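Data first, discussion second: the structure below is written as structure tokens.
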Amino acid sequence: QRQMCIRDRYSRYAQEIGVNDDISVVVGCITGASREAARPILSKNNKLLFFPSVDEGGECDKFTFMQGSDILQMSTPLVDWAVKNAGNKFYVVAADYIYGHVATAWNKKLVEQVGGTIEGVEFIPLDVSDFGSTIRKIQSAQPTVIMSNLVGGNHMAFYRQFAAAGLNRNIAIVSPSFGLANEQLVLAPEETNGIVVAYSYFETLPYPENKAFVANYRRQYPDAGPLMDLPAQVWIGWHQWKDAVEAAGTTEINAVVAAMESGIPFHGPSGRVLMDATSHRNVQDINLAQVNSKREYQILETRRQVQPATTVPGSESCDLVGKDKNSHRMILPNI
């Protein structure tokens, strides 16, 4: 019911924006559900959408650009780290909606490529907060690694119950979704210590552009918590649009799209980003980081200029400067 409410609201917002000639671009939507409520309406009305959140991929829309990392960009270093440091027996827990299913499909492919095994997969409805049965299944399966594709407030209970059962002493957790809402501050240090995540942006990145970004943010929002990936990607999205408009000399949508696809590099809080014309996703650095006992993220590794996915697991590819240059659709996975 809540998801239906969100879709209805964003659909209404998109319709209002669609008939407003003063608006050229939208940066936002945040969740996949809100994006897919708004995206088709915005595209139909010749409005650009910049989507700043991490997501599952599959958007194949000439008028949509993604700033957040995709599952392939994040899960590849997570799987590699897990196999090297924890073991190759994975158990996947995932949110039971499109993000969780597509992320899990990528996990299966990546684990197979490195010679690992999936000992179990469980899809958890978004309203579930009791993970007792899941904990028992994990204890029985005896994996060396948990791949967590969980999301939302209810799913935070998994980490608390996992630690209460003592499983965090012997089983590593890696996740492409943990921490986006600063979950490490809500949970106790002993419940999050050691969790490994992968994002393009962390507050501690040493770039001059990031130091200026953080300083300005703190001046305006002095009581805000640690900065995670989403605020930085919103900032990057606005600046990529600005640079494209300046290069095009107009806000006319097709000219701006062409400028975006031309590959204008932007150096921002997360380092250098460059829009991949084929997928309309950013080529960007991906940082692997681990939560420490002080609830801080310690960066373990940086992979430079990681290419985004151009395919959807078991389904189609997207080429927005080739066969899909007139596309305004979402590619659904065959999983």
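Counting Lys +1, Arg +1, Asp -1, Glu -1, what net charge surrounds PHE131 among other residues with beta carbon under 12 Å of its beta carbon?
That sum, taken over residues with Cβ under 12 Å, equals +1.
If R0 is 22 Å, what FRET efficiency do you get for ASN216 and ARG272 from their C-beta distance, rounded to 0.05?
0.65
Return the Rg/Rh value of the chain, two decimal places, where both radii are evaluated on C-alpha atoms and Rh is the Kirkwood radius.
In the chain, Rg relative to Rh is 0.96.
Can you give the extra length, in nm with one decimal, that the chain gains between LEU167 and SER293 once fully stretched, where that is 0.36 nm per residue apart less the Cα-Cα distance?
The LEU167-SER293 span can extend by a further 43.7 nm.
Find the Cα radius of gyration of region 106-210, compare it with 2.2 N^0.38 Å by division, and give the number to two decimals.
1.14
Tell me, what is the per residue accessible area of region 53-174 in Å², probe radius 1.4 Å?
With all protein chains present, region 53-174 gives 36 Å² per residue.
Students often get this wrong, so check it: of LYS109/LYS211; LYS137/LYS294; LYS109/LYS137, which have C-alpha atoms separated by over 26 Å?
LYS109/LYS211; LYS137/LYS294
Rounded to the nearest Å, what's the spacing between the alpha carbon centres of region 45-68 and region 142-169? Just the number, please.
Comparing the Cα centres of region 45-68 and region 142-169, I get a distance of 30 Å.
Do the sum for the chain: with -39,500 (n - 2.57) for every DSSP H run of n ≥ 4, divided by all residues, what is the mean residue ellipticity at 222 nm, to the nearest 500 deg cm²/dmol?
Only helices count here, giving -12000 deg cm²/dmol.
Could you work out how far the C-alpha centroid of region 203-237 sits from that of region 291-307, in angstrom?
Their Cα centres are 16 Å away from one another.
State, as an integer percentage, the relative contact order of the chain based on alpha-carbon contacts under 8 Å between residues 6 or more apart.
It comes to 19 percent, rounded to a whole number.
Expressed in whole Å with the largest first, what are the equivalent ellipsoid semi-axes of region 184-335 derived from the C-alpha gyration tensor as the square root of 5 times each eigenvalue?
For region 184-335, the semi-axes come out at 31, 22, 13 Å.
Please build a GNM for the chain, connecting alpha carbons under 10 Å apart, and tell me which residue among ALA232, ALA181, ALA224 fluctuates the most.
ALA224
Work through the residues other than ALA198 whose Cβ is under 13 Å from its Cβ and net out their charges, Lys, Arg +1 and Asp, Glu -1.
Summing Lys/Arg as +1 and Asp/Glu as -1 gives -4.
May I ask you to compute the full-extension gain from GLN142 to GLN305, defined as 0.36 nm times their residue separation minus their alpha-carbon distance, rounded to one decimal in nm?
This chain segment gains 55.1 nm when fully extended.
If each residue of separation counts as 0.36 nm, what is the full-extension length gain between ALA181 and ASN20 once their alpha-carbon separation is subtracted?
Full-extension gain reported as 54.8 nm.
Compute the relative contact order of region 1-86 as a whole-number percentage, counting only Cα pairs closer than 8 Å that sit 6 or more residues apart in sequence.
23
The values are calculated or read from the model by the stated rules, or taken from the named source; none is laboratory data. Just so we're clear, the structure is a prediction, and the values are computed from it rather than from any experiment. When we count neighbours, we look across all protein chains shown, and the Cβ atoms used for this are built from the backbone with ideal geometry, even at glycine. For accessibility, only protein heavy atoms count, side chains too; no ligands or nucleic acids. Shrake-Rupley method; radii C 1.70, N 1.55, O 1.52, S 1.80 Å.
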